[in-house]
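Enquirer: One structure, as C-alpha cells, below. Some questions next.
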Protein chains: 2
Amino acid sequence: MPSLRIGALAERAGTNAPTIRYYEEIGLLRPADREVGGQRAYGEEDVKRLTFIRRCRDFGFSIEQVRSLVALVEDRERSCMEARDLAQEHLAAVRAKLDELKGLERSVVSFIASCDASCAGGPGPDCAILDDLTKP
Amino acid sequence: MPSLRIGALAERAGTNAPTIRYYEEIGLLRPADREVGGQRAYGEEDVKRLTFIRRCRDFGFSIEQVRSLVALVEDRERSCMEARDLAQEHLAAVRAKLDELKGLERSVVSFIASCDASCAGGPGPDCAILDDLTKP
DNA sequence: GTAGCCCTTCAAGTCACTTGAAGTTCAAGA
DNA sequence: TCTTGAACTTCAAGTGACTTGAAGGGCTAC
C-alpha cells in the first residue's frame, strides 16, 4: 500500500503541509504514522478525513464546529440530524453576517456617492464627507 | 476647559478604554496628555478623531486603511478624492466578500435540504451527506 | 558526492482587539 | 478624615486559524 507524505496529502485534500501539522497539533487529525526517517506517512483514510475537514472549513464552519462534525462522522450511532441541526445554526450565523455586510455595502456606496456629489473632481481642502465622519 | 478621562472619551466615541490604549500603542491616536496622577486626559479634538476612527472601523476599513484616512483628514492639502478612491477599493473588497458569503449560504441551504431529503427524521447510521463530504 | 527539494521541530508573527492580574488614583459618602 | 468602590494604570497573555521563518535532517537524481 502506497503511503503518502505530507505534501502529497495536502495536494490531495486541497490544503497545505503546515495546516495539516496544525490540525494534528490541535487534535483534529490523529497523530500521523512515521516513516523510518521520521516523516509523516498517510493513507487513503487520511485523505478522506482531511478532505472532509477542508470542505467543512470551506463551508465556513469554525474549527470547533468541525470537531463536532468529525465526531458525528466517527460515531455513526448518532443521528445525521445532529449534523443537520449544526448546519442550521451555522446557516443562521451566515445569514446574520450577510445582512451585516449588505448594510455595510450600502453605507460605503452612499459614502462614495456623497464624495462624488460634494467634492466632485477637485483637490480641495474642504471635504464634506471627512468632516461628517468626525461629527459627534 | 473640561478634560475627559479615558472612560468618558470611550463613551463619547462609542468604544472602550482598552481599545483606546491599543490605538495609542499602535500610533493611531497621539499619546494622550496626562493629569497629575498619570491618568490620560482628552479634549474635544480627541472625541472627533476617535469617533472618525470608530466609524471607519464600523465601515469595515482595516486599521491600515484607517491610518491612511486619518492622514488624509490631517493633511487637507491632499484631495478628498483620495478618500473616495480608498472607499472604492474597499467597496470592491466588501462585494467580493458578499459574493463569497452568498455562495456559502446557498451551499449550506442545499446541505440542509439534502439532509432533510435523505436522512429524513431518523437517527440512522447511514448519512448520505456526511458520506458525500468525505468523497475525493 | 552534491544539488535541490521536501521534510522535521519550534517559535514567533498576523489582526484587532479582549481579558486578567496587580496595583494606583479619584470622587463621594459617613 | 477615613473608607469604599469605581475607574484608572501597566504589562502580559489569550483569541482564531493559521502563516512565516529559522535551523537543520532526509531522499532522490545525476
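The values are calculated or read from the model by the stated rules, or taken from the named source; none is laboratory data. None of the values given here were measured: they were computed from a predicted structure. Cβ atoms come from the backbone with ideal geometry, glycine included; neighbour counts cover every protein chain shown. When the accessible area is computed, the model is the full protein with side chains, heavy atoms only, and any ligands, DNA or RNA have been set aside. Shrake-Rupley method; radii C 1.70, N 1.55, O 1.52, S 1.80 Å.
Enquirer: Filter the stretch A:13-53 down to the residues that are away from DNA strand C (no atom under 11 Å from the Cβ) and more than 18 Å from the chain's Cα centre (by Cα), then identify the one that is farthest from A:Arg67 (Cα to Cα).
Expert: Checking each candidate, the answer is A:Val36.
Enquirer: Considering every residue within the stretch A:25-37, establish whether at least one is crowded, with 19+ Cβ neighbours inside 10 Å, away from every other protein chain (no Cβ under 11 Å) and in contact with a Leu (Cβ under 8 Å, 6 or more places away or on another chain).
Expert: Yes; the residues of the stretch A:25-37 include at least one that is crowded, with 19+ Cβ neighbours inside 10 Å, away from every other protein chain (no Cβ under 11 Å) and in contact with a Leu (Cβ under 8 Å, 6 or more places away or on another chain).
Enquirer: Can you confirm whether the stretch A:50-69 contains a residue that is open to solvent by 70 Å² or more (accessible area, probe 1.4 Å) and away from DNA strand D (no atom under 11 Å from the Cβ)?
Expert: The answer is no, given that none of the residues of the stretch A:50-69 is open to solvent by 70 Å² or more (accessible area, probe 1.4 Å) and away from DNA strand D (no atom under 11 Å from the Cβ).
Enquirer: Does the stretch A:28-45 hold any residues that are more than 8 Å from DNA strand D (Cβ to nearest atom) and either more than 22 Å from A:Ala83 (Cα to Cα) or at pLDDT below 90 (or both), and which are they?
Expert: Residues satisfying the conditions are A:Arg30, A:Pro31, A:Ala32, A:Asp33, A:Arg34, A:Arg40, A:Ala41, A:Tyr42, A:Gly43, A:Glu44, A:Glu45.
Enquirer: Mind checking which residues of the stretch B:50-60 are facing chain A (nearest Cβ under 7 Å) and of a type outside the set (A, V, I, L, M, F, W, C)?
Expert: B:Thr51, B:Arg55, B:Gly60
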